[in-house]
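One structure below.
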Amino acid sequence: MDELDDLKVHGETDIGWCALTLPNETVDDSGRLFVQAEGFSAADPRAPRRRVYDDPGVCALREHLRAHNGIQGLEILHPQEIERAAQIFFRDGFLVVRDALNAGQLETFRAASARVLQQILQIPGVNGRKYLTESYRLPHRYSYGTASASRHLLHDPVWASMIDLATTTPILTRIFGAPDYRILGAGGDLCLPGAIEYQALHSDGDREHFQMPVERIQQAGRLGIDASATDYGTLQRIIAHTPPVVTINFLMTDMTWENGPIRQIPGTQTRPGQAPSPAEEPEWMRLSTLVGAPAGAAIFRDTRAWHGGTPNLSREIRAMPNVEYMAPWYQDANFQPAMPYEIWAGLSPHAQRISLASRFPVGVWPPGAGVMHPLASARRAAKASSAPVRR
Ligand SMILES: [Fe+2]
């Protein structure tokens, strides 16, 4: 049986661990192999030499992670702890909340995550490789968002159904100071077993950290910051408490020391400048991961905070689909509407309000929506060949 036939994003699997896929290799837009020197998919100079489960280098890294991986004293909250959630979020730049999904929602999201991953992995790799690597990403790592030809998965009813949950909306409302935040997109990421490299630490996207439109100052005022003062300390507090983008990643599996838990560096959300490169990153940052966060949890992330993927040395896929939200005042230069009207019409009133800018006109399918492909060139072609048409 083909390993993709019964693909699941939780539990043991034969997926991954392609020994022919060399450490640190990636592909460009059209699938040409190369190794990236910088950026968030830069080569990891400390990666094991072979993508093989029992390789001595892999085993040594596995033992190191078994002994040391994970943030000490990581606090995991319940959805009702809204004030505490806000405190931790603003302090650390991220937050783990258990039971964000109930058992039924978790099952639904797992099935959808498996279905879309199957679409990505069924495109054959080159020269005997099991899979085609996603353009400009490290091997065995994919983004549900960027691998979609419409850039998002807002056309998928399951992703859309996670926009407004009883467990997440009150925390988002508290973080943004009001319910007038908006949807930026939806997607998420995953790593297959055998993703042996650390992804470089990074902030997501080209975020304008320091713009100060009046709406941002008003948002800070709603959070209790006396925004009439203009001293440096007040300015810092405003910037820290008004993240442009908050992403919620939903965990499809427990995050273990072995299966590629996301790493987050606490308190880096307002730090100017670049995160350390793979060669310069200290070991404590590589081990600063969210081990212990359980399946069904939501990770709220201020996307400015330094974060990155870590090695998945297990036999389990680590998937964490997401929904991305932006502050009322934030203008994202790369914003792309991607939600069909028919999906929008089925949402809750709150989800409808915050998704208005993402909505397409009645009967118009977002170009590229539904096409998943690892290669940027194939996604562009799919999008171009499906220019908006009324059905
Ligand atoms: Fe990222």
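Within segment 324-352, the set of residues being in a loop (DSSP other than H, G, I, E, B) and out of contact with any strand residue (DSSP E or B) (no Cβ under 8 Å at 6 or more places or on another chain) comprises TRP329, GLN331, ALA333, ASN334, GLY346, LEU347, SER348.
Does segment 53-65 contain at least one residue that is of a type in the set (A, V, I, L, M) and within 16 Å of the ligand (Cβ to nearest atom)? No: segment 53-65 contains no residue that is of a type in the set (A, V, I, L, M) and within 16 Å of the ligand (Cβ to nearest atom). Has segment 30-42 got at least one residue that is loosely packed, with under 14 Cβ neighbours inside 10 Å, within 16 Å of the ligand (Cβ to nearest atom) and charged (D, E, K, R)? Yes, segment 30-42 contains a residue that is loosely packed, with under 14 Cβ neighbours inside 10 Å, within 16 Å of the ligand (Cβ to nearest atom) and charged (D, E, K, R). A search for C-beta distances below 8 Å between a residue of segment 118-130 that is closer than 14 Å to ILE15 by Cα and any residue that is among the polar types (S, T, N, Q) and open to solvent by less than 60 Å² (accessible area, probe 1.4 Å), counting only pairs 6+ apart in sequence or on different chains, returns GLY125/THR21; GLY125/THR133; ARG129/THR21; LYS130/THR21. Taking the listed residues ALA186, ALA227, the one that is part of a loop (DSSP other than H, G, I, E, B) and on the phi < 0 side of the Ramachandran plot is ALA227, with no other qualifying. Every condition in (1) in contact with an Asp or Glu (Cβ under 8 Å, 6 or more places away or on another chain); (2) farther than 21 Å from SER161 by Cβ; (3) within 14 Å of the ligand (Cβ to nearest atom) holds for GLU316 except the one numbered (3). Listed residues PRO328, PRO294; which is in contact with an Asp or Glu (Cβ under 7 Å, 6 or more places away or on another chain), more than 16 Å from the ligand (Cβ to nearest atom) and at pLDDT 95 or above? The unique qualifying residue is PRO294.
Within segment 256-274, being touching a residue at least 12 places away in the same chain (Cβ under 8 Å) and on the phi > 0 side of the Ramachandran plot holds for GLY260, GLY267. Contact annotation: residue pairs with Cβ atoms under 8 Å, 6 or more positions apart or on different chains, pairing a residue in segment 24-47 that is without any contact (Cβ under 8 Å) to a residue 24 or more places away in the chain with a partner that is more than 16 Å from the ligand (Cβ to nearest atom), are PHE34/GLU25; PHE34/VAL27; PHE34/ASP28; VAL35/ASN24; VAL35/GLU25; VAL35/ALA43; ALA37/ALA43. Looking at segment 243-260, is at least one residue outside any loop (DSSP other than H, G, I, E, B), more than 16 Å from the ligand (Cβ to nearest atom) and within 17 Å of PHE89 (Cα to Cα)? No, every residue in segment 243-260 fails to be outside any loop (DSSP other than H, G, I, E, B), more than 16 Å from the ligand (Cβ to nearest atom) and within 17 Å of PHE89 (Cα to Cα). Close contacts from segment 305-318, counting a first residue that is within 25 Å of ALA112 (Cβ to Cβ) and a second that is aromatic (Phe, Trp, Tyr) and within 16 Å of the ligand (Cβ to nearest atom), with Cβ to Cβ under 6 Å and a gap of 6+ residues or different chains, come to THR310/TYR198.
Residues considered: ARG182, ARG271. Of these, the only one that is among the basic types (Lys, Arg), more than 16 Å from the ligand (Cβ to nearest atom) and surrounded by fewer than 20 Cβ atoms within 10 Å (Cβ to Cβ) is ARG182. Within segment 83-105, residues that are closer than 13 Å to ALA298 by Cβ reach partners that are of a type in the set (Gly, Ala, Ser) and assigned to a strand (DSSP E or B) with beta carbons closer than 6 Å, at six or more positions or on different chains, in the pairs VAL97/ALA298; ALA100/ALA298. Among the residues of segment 299-330, those that are closer than 27 Å to ASP6 by Cα and touching a helix residue (DSSP H, G or I) at 6+ places or on another chain (Cβ under 8 Å) comprise THR310, PRO311, LEU313, ILE317, ALA319, PRO321, VAL323.
Among the criteria (1) at positive phi; (2) buried (at least 22 other Cβ atoms within 10 Å of the Cβ), the one ARG301 does not fulfil is (1). Note on segment 91-114: residues that are crowded, with 19+ Cβ neighbours inside 10 Å and either in contact with a helix residue (DSSP H, G or I) (Cβ under 7 Å, 6 or more places away or on another chain) or among the aromatic types (Phe, Trp, Tyr) (or both) total 6. Being of a type in the set (D, E, K, R) and either within 16 Å of the ligand (Cβ to nearest atom) or modelled with pLDDT of 95 or more (or both) is a property that ARG222 lacks.
The values are calculated or read from the model by the stated rules, or taken from the named source; none is laboratory data. Note that the structure is predicted; figures quoted are calculated from it, not measured. Ideal geometry is used to build each Cβ from the backbone, glycine not excepted, and the neighbour counts take in all protein chains shown. Protein only, heavy atoms only, side chains kept; ligands, DNA and RNA dropped before computing areas. Shrake-Rupley method; radii C 1.70, N 1.55, O 1.52, S 1.80 Å.
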